[in-house]
Amino acid sequence: MLTVTILDGEAAIATSEIEPDLDENGEDSGQHSPLIEFRVIRYSLLPAFEQIRPALRAAGEATLALGRRRTSLTNSELEAVRHAMDGGKAIEDRLIIRDLFGRPIQGRITLFRETDFGAGPLHAIGIALAENYVQTSLRTQGSNES
């Protein structure tokens, strides 16, 4: 398991414990190839997250609207959904991943959205890293199990 910090510029917005998201054959989906998908086990949002929360919440709500009502959205609603999703994507594209020592990690945030079904905010966080971090993560995980 790896612990990473997610930054927006120099501002740390979240910390996360992650592990490779591999199937029973040790393969990932290949969706972000050559990067490997990682699963978020635990995360904590940091105070700087508040600066980007509105845009990530709008993107999360837009994603839900598109999934639930795609065929019933009016043209203006569809345009608003696209605009919100583009705003979320622009933030995701500028986020940086660093290790516990502040060193950059080769990879990217593939998804960071917030939604609220009425019981409090939920977050979808997607992370893909270079293949060498899979081996590092598995070694760390193995030493924790000893």
Quiz item: Which peptide among 102-114, 52-64 comes first, and what is the full order, when sorted by highest mean count of other Cβ atoms within 10 Å?
Solution: 52-64, 102-114
Quiz item: In nm, to one decimal, how far is the Leu66 label point from the Gln51 one, both placed 7 Å along Cα→Cβ?
Solution: 2.6 nm
Quiz item: For the pair Met1 and Ala90, how long in nm is the line joining their label points, each one 7 Å along Cα→Cβ?
Solution: 3.6 nm
Quiz item: How big is the Kirkwood radius of the stretch 2-145, worked out from every pair of different alpha carbons and given in Å to one decimal?
Solution: 16.2 Å
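What number, rounded to the nearest 500 deg cm²/dmol, is the helix-based mean residue ellipticity at 222 nm of the chain, given -39500 (n - 2.57) per DSSP H run of at least four residues and division by all its residues? Present the calculation step by step, with values, prior to reporting the outcome.
On the way: 3 runs with 51 residues, N = 146.
The helix-only estimate for the chain comes to -11500 deg cm²/dmol at 222 nm.
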Quiz item: How high is the relative contact order of the chain, in percent, with contacts defined as C-alpha pairs under 8 Å that are six or more residues apart?
Solution: 28 percent
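Coordinate-derived values only; no laboratory data. Since the model is a prediction, treat every value here as computed from it, not as a measurement. Positions of Cβ are generated from backbone atoms using ideal geometry, with glycine treated the same way; all protein chains shown enter the neighbour counts.
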